[in-house]
Amino acid sequence: MPITIPVIDLEPALKGSAADKRAVAAQIDRTCTEIGFFTIKGHGISLALINELRDKANAFFARPLNEKLKAAHPDGKTPRGYRALGIEALSAGNAIETPADLKEYYHLGRERWPEEPYYTQGEGPRYFIPNLWPDYPAGFGEAAEKYYLALEKLSESMMELTALALGLPETFFQNKIDKHITAIRLNYYPEQTTAPKPGQLRAGDHTDYGLLTILNGENVPGGLQVQTRTGEWIDVETDQDTFVVNIGDLLMRWTNDRWVSNVHRVINPPDSVAARSKRLSIAFFHHPNYDALIECVAPPGKAKYPPVYSGEYRDLKYQQTRLKSA
């Protein structure tokens, strides 16, 4: 039988009893032990909210390059705003050398935060950075903020289920994600009118860096694939009314490798449709508070990794994958 990505219905956990919640957590544990990828339905996020952001993003990416570049950060380094083709090779984060990924993206974080020292002093300004919004389309920032807040609430529920799945108190992660540094990337994979270079993909082989990635995509040619523990690549369906969830490196470390942060990629469309096949995906990269210390949940002396601070780890990965500043 071909391997498929499990579909987990969250509705019993979000609306049912404590026993229902534990049952869903057990499903997540089995899935994350085996492959680290699953699709969720019954998540409570309206399709209208999702499509509002998708429509704004598609309108932006359809603009001429010179217009889009006006929404790039002036210093070329700060992770906010637009990034054009040729900026990033995700495979470099896993020590694999490839040409630049065939994608553009828009990088954003939370839109507002309290006027408190954690956010405004010391390390805070490195992570709590004002977003950049283009003049067109109108309402892009508002749509993005609504989406961010909805996914933030969903991620809190997911981390409660994660704690239960790992046999921890339901609130274990609460004080480690209450000031999280989550980012969203609107990834746009344009039509391919020229042949890719050898080894060049829409997004090269990589793992994600944080806790959970919650991805909204679309089923068009040239999509997401995940590598199983046996090395087999399988296609992942990414319907617009569901989300694909995968485990990130920090959560794999936190679980002492009980859960797997699997390698995945976005492949090129077939040659026959490449010149007219574009794709948009929205990735919510849930990342803990920048000062959260990630220590393996393991018996004494059995930890496979040394402790690492959340923010430092993400900064390192950003540096590894960036090919040039602008």
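The values are calculated or read from the model by the stated rules, or taken from the named source; none is laboratory data. Because the structure is a prediction, the values reported are computed rather than measured. Here the Cβ positions follow ideal geometry from the backbone for every residue, glycine too, while neighbour counts run over all protein chains shown.
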Failed condition for Glu156, given (1) in contact (Cβ under 8 Å) with a residue 24 or more places away in the chain; (2) surrounded by 15 or more Cβ atoms within 10 Å (Cβ to Cβ); (3) out of contact with any Lys or Arg (no Cβ under 9 Å at 6 or more places or on another chain): (1)
Enumeration of residues in the stretch 126-151 that are more than 13 Å from Leu108 (Cβ to Cβ) and in contact with a Ser or Thr (Cβ under 9 Å, 6 or more places away or on another chain): Ala150
Members of the stretch 184-223 that are in contact with a helix residue (DSSP H, G or I) (Cβ under 9 Å, 6 or more places away or on another chain) and outside any loop (DSSP other than H, G, I, E, B): Ile184, Leu186, Tyr188, Ala203, Gly204, Asp205, His206, Leu212, Ile214, Asn216
Of all residues making up the stretch 161-183, the number that are in a loop (DSSP other than H, G, I, E, B) and either within 30 Å of Gly141 (Cα to Cα) or within 18 Å of the chain's Cα centre (by Cα) (or both): 5
Flag if Asp291 is surrounded by 14 or more Cβ atoms within 10 Å (Cβ to Cβ), acidic (Asp, Glu) and in a loop (DSSP other than H, G, I, E, B): yes
Within the set of pairs 6 or more residues apart or between chains, which connect a residue that is within 16 Å of Tyr106 (Cα to Cα) and among the basic types (Lys, Arg) inside the stretch 283-296 to a residue that is modelled with pLDDT of 95 or more and part of a strand (DSSP E or B) with Cβ atoms less than 7 Å apart? none
Considering only residues that are closer than 30 Å to Arg253 by Cβ and among the hydrophobic types (A, V, I, L, M, F, W, C), look in the stretch 36-89 and name the one that is surrounded by the most Cβ atoms within 10 Å (Cβ to Cβ). Phe37
Tally up the residues in the stretch 99-121 that are under 16 Å from Tyr189 (Cβ atoms) and over 21 Å from the mean Cα position of the chain (by Cα), please. 1
If we keep just the residues of the stretch 230-281 that are charged (D, E, K, R) and in a loop (DSSP other than H, G, I, E, B), which is nearest to Pro6 (Cα to Cα)? Glu237
